[in-house]
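The values are calculated or read from the model by the stated rules, or taken from the named source; none is laboratory data. Predicted, not measured: the structure shown is a model, and the values here were computed from it. Using ideal geometry, Cβ is built from the backbone for each residue, glycine included, and neighbour counts are taken over all protein chains shown.
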Amino acid sequence: MYRGRRACIAASAFLSLTLVDWPAHACSPLAPSMVPFDFKSAELNAPGVEERLKQFQERFGKVRPACVRFTVKASAEPQESQASEPRLDVARGEAIKKRLVELGFVADSVTVQASSGQTRDAYVEAGRPPGRLRCDPATKRPSIPAACIGEYGACYYELADGTACNFDGVPDPDPKRYSVILVNQ
């Protein structure tokens, strides 16, 4: 079995870059990002908010905007809902959506889910639209655990309309070369 320090680069494209010693059996997904808000406010001015939202731009900014979907789960504390506008949760979600669009993502790819809750926080989760992985059969790695890096060394994600989402920067994402199709990955 191969041992050594290697970058665990996920073919599924939504796993963060993690250095591991083989054998490795899992990588960490990009965790949802918590966005805190001040009391009765939908302003994105809490410490660290900009950095948290920019992590999505850093991870997904080089792929086509249609390749990424976001779910924003926003809420407001009961005291806020009674003391201010009743849909502060919606305003918070929309503020995050606006900032993601300013960072270069498509407005239609951001879904806002608002609910009354016990917190002033919102959570942003990144995902991908329906599609499939296309992999180069010449890069099959039978001796390395597939859970972390995938069975193939070079794959790209293809949307249902044929759009290539090259999250991992594979050379020349061409369906002729990347002929192995992995569905539901």
Residues in segment 51-59: is at least one among the charged types (D, E, K, R) and touching a Leu at 6+ places or on another chain (Cβ under 8 Å)?
yes
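Checking the structure you have, find out if any residue of segment 15-30 is in contact with a Pro (Cβ under 6 Å, 6 or more places away or on another chain), surrounded by 15 or more Cβ atoms within 10 Å (Cβ to Cβ) and modelled with pLDDT under 50.
Yes, segment 15-30 contains at least one residue that is in contact with a Pro (Cβ under 6 Å, 6 or more places away or on another chain), surrounded by 15 or more Cβ atoms within 10 Å (Cβ to Cβ) and modelled with pLDDT under 50.
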Counting only residues in segment 50-91 that are modelled with pLDDT of 90 or more and β-branched (V, I, T), the one farthest from A126 (Cα to Cα) is identified as V90
If you go through E94, E43, the only one that is surrounded by fewer than 16 Cβ atoms within 10 Å (Cβ to Cβ) and either modelled with pLDDT of 90 or more or among the hydroxyl-bearing types (S, T, Y) (or both) is E43
Selection over segment 64-81 where residues are out of contact with any Gly (no Cβ under 8 Å at 6 or more places or on another chain) and hydrophobic (A, V, I, L, M, F, W, C) yields a count of 2
